[in-house]
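The next block holds one structure in the form of structure tokens; read it before the comments.
The values are calculated or read from the model by the stated rules, or taken from the named source; none is laboratory data. All of these numbers come straight from a predicted model, not from anything done at the bench. Note that each Cβ is placed from the backbone with ideal geometry, even for glycine, and that neighbours are counted across all protein chains shown.
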């Protein structure tokens, strides 16, 4: 038996009369990370060595709070409860409620949105909070029998400690569907603020070369953002996965494999 042979991939239509059909040789399949790209995205293999997002960004999921309803509060709610703003970090609303793709900053680094949200981000031990910050402790203590018992919280060193995330100019909504409003299921957000994000986003942190270029030429942020927005839906979807009802999803490692040759041209 020969080491190499063709395998037929088909898509759509019926078994006897598929909408698309293509033979792919075994050697190509062995080298491919995902077979779900066949047969419709077979041509993408011709540019298999093109630069990818992982060449330019470290990609991380946003933080998992353990209980968004408890840890994320609006500015109005914080003021109503008379909580110390020094314990709060600005955070973006979920992609569902973020209607813009470019988020501007006020003079404090907070998002210029109708409703501003903040993460309760206390890193002090319980005894110190209880002794020196009674309003924060009163709020935290209201979650001891509920939020503190949830899986993520009860497996932390201190139940209210949050993951460490810093703000980044570039984010991606990693789950969605194509519709009339969005040509691709994923949105790239340009963030001018100090806001971090929950795990409903992927956070793209520029690697050293790109970061140095941005520091020298801040206006290049828009060119980078345009390059991200010009990635085709097929290139994004071929690295991701599909769920029932046409829901598309892409994980951090999968996004790092997405080709983006336009970024390489910016750094020449």
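Observations, loosely collected:
- Meets criteria (within 19 Å of the chain's Cα centre (by Cα), farther than 21 Å from residue 97 by Cβ and in contact (Cβ under 8 Å) with a residue 60 or more places away in the chain) for residue 248: no
- Single match in 90, 111, 169 (criterion: in contact (Cβ under 8 Å) with a residue 24 or more places away in the chain, buried (at least 18 other Cβ atoms within 10 Å of the Cβ) and in the same structural domain as residue 205 (by TED's automatic domain parsing)): 169
- Of residues in segment 125-159 being under 16 Å from residue 78 (Cα atoms) and in contact (Cβ under 8 Å) with a residue 40 or more places away in the chain, the one surrounded by the fewest Cβ atoms within 10 Å (Cβ to Cβ): 135
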